Every structure is written in C-alpha cells, then in structure tokens.
Amino acid sequence: LVAQNGEDAVRIYKKQKENIDLVIQDMVMPGMNGADVFTAIRKINPDARVILASGYVMNKQIAAVMDAGCRAFMQKPFRLEELSAKVRKVLDEP
C-alpha cells in the first residue's frame, strides 16, 4: 500500500490496519509531517511497527519520534539490502 501524503497514510492505516504488519514512512511529506503521522498511527494501534526514513541526519524531531516508540530509523539513501535487513529485524522483534 502506498500513500501520497500524511493524511492519506493515516486514512489507509485506519482502514487496513489488520493487513499491515509494518509501516515505512518518511519524516518529510506533504500535509502532515512524519512525527504527526507516527503519532496518529500509534493512536490507532499502539503496537504498530514503524520504520522512519529520512534524507536528514538524526535531529531532535527524529529523535523524539524514536523515543516515542518508532522501531527503526534509516537515513536515505539506503541500499535495498539495508532496508531488507532492517525490515527483518523489526518484524522479528517482539
């Protein structure tokens, strides 16, 4: 499932949460920012597994999302092998 913006991501997650094992989201996107999307998804499902991706280095806003329970952070650009390993790690965590 692909969302075009933050609001779309939350809407899709709300409708499809039973079919979504993992969310990979950007920090910067049209509409809602990544922190707001993460918060909205966690309100829908406090156990949602989220990987945050960003072209920015770790900053206070990203650190706050991580502290709030985001499972992993990936700085863009990343290789498919790195993404695959991170996805496997997050899905295997309890």
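The values are calculated or read from the model by the stated rules, or taken from the named source; none is laboratory data. Computed from a predicted structure; not experimentally measured. Each accessible area value is taken on the protein alone, full model and side chains, heavy atoms only, with ligands, DNA and RNA left out. Shrake-Rupley method; radii C 1.70, N 1.55, O 1.52, S 1.80 Å.
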Set of aspartates and glutamates with alpha-carbon distance to K76 below 13 Å, sequence-local pairs under 8 removed
D26
Inverse mean reciprocal Cα-Cα distance (Kirkwood Rh) of the chain, Å
13.3
Using θ = phi - 60° and Karplus 6.51 cos²θ - 1.76 cosθ + 1.60, couplings along the range 64-77 (whole Hz; Gly, Pro as x)
5, 5, 5, 5, 7, x, 4, 6, 7, 10, 10, 8, 7, x
Accessible surface of the chain, 1.4 Å probe, proportion on carbon and sulfur as whole %
53
If the chain between T39 and L91 were fully stretched, how many nm would it gain, using 0.36 nm times the residue separation less the Cα-Cα distance?
16.7 nm
Hey, what do the phi angles of the range 44-57 turn into as Karplus ³J(HN,Hα) couplings, whole Hz, using 6.51/-1.76/1.60 and θ = phi - 60°, x for Gly and Pro?
6, 9, x, 9, 4, 9, 10, 10, 9, 10, 7, x, 8, 6
Applying the Karplus parametrisation 6.51 cos²θ - 1.76 cosθ + 1.60 with θ = phi - 60° to the phi angles of the range 16-28, what ³J(HN,Hα) value in whole Hz is obtained for each residue in order, glycine and proline being reported as x?
10, 3, 5, 9, 10, 8, 8, 10, 10, 10, 8, 7, 10
Taking amide H positions as placed in the peptide plane 1.01 Å from N, state which residues far from M29 in sequence (5 or more) or on other chains have amide H under 5 Å from it.
G34
Could you put I24, I51, I12 in order of accessible surface area, largest first, with the 1.4 Å probe and the full protein assembly present?
I24, I12, I51
Can you tell me the accessible area per residue over the chain, all protein chains present, probe 1.4 angstrom, in square angstrom?
62
Round to the nearest 10 and report in Å² the accessible area of L80, as given by a 1.4 Å probe over the protein chains' heavy atoms.
130
